[in-house]
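Contents: one structure, followed by commentary.
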């Protein structure tokens, strides 16, 4: 499966897109993320998501629409549970396009686009650190 979904910790999950992605891959990844969010919601936990698209061949128009529809359908849950998302994209053009789209239609969570894993992880580390301070 070219979308690898895995827990990195109790509060951090990861999607890694590798190569070509099928519609079934998108459906499976969304189902796994939805399950993790529902479990966190029941447990009163907040999560962060690390999305690595550095080795991806991209999503089709249909897959991008399915992803947008997922965000709309589950917007309330995402707002409650997902504290932040870091998205890695190699292309400056891709990062710029995604950032521009978010100016027009903000995502339901703090979602930022980065070029390197270190930048994305540092952002999520800071979000998680602030969550711990607030819950203490």
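Derivation of every value follows stated rules applied to the coordinates shown; laboratory data play no part. These numbers were taken from a predicted model, which means no experiment stands behind them. Glycine gets a Cβ as well: all are built from the backbone with ideal geometry, and neighbour counts include every protein chain shown.
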Please go through segment 25-48 and pick out each residue that is within 17 Å of residue 111 (Cα to Cα), free of Cβ contacts under 8 Å to residues at least 60 places away in the same chain and not in a helix (DSSP H, G or I).
47
Among the listed residues 123, 70, identify the single one that is surrounded by 15 or more Cβ atoms within 10 Å (Cβ to Cβ) and within 15 Å of residue 29 (Cβ to Cβ).
70
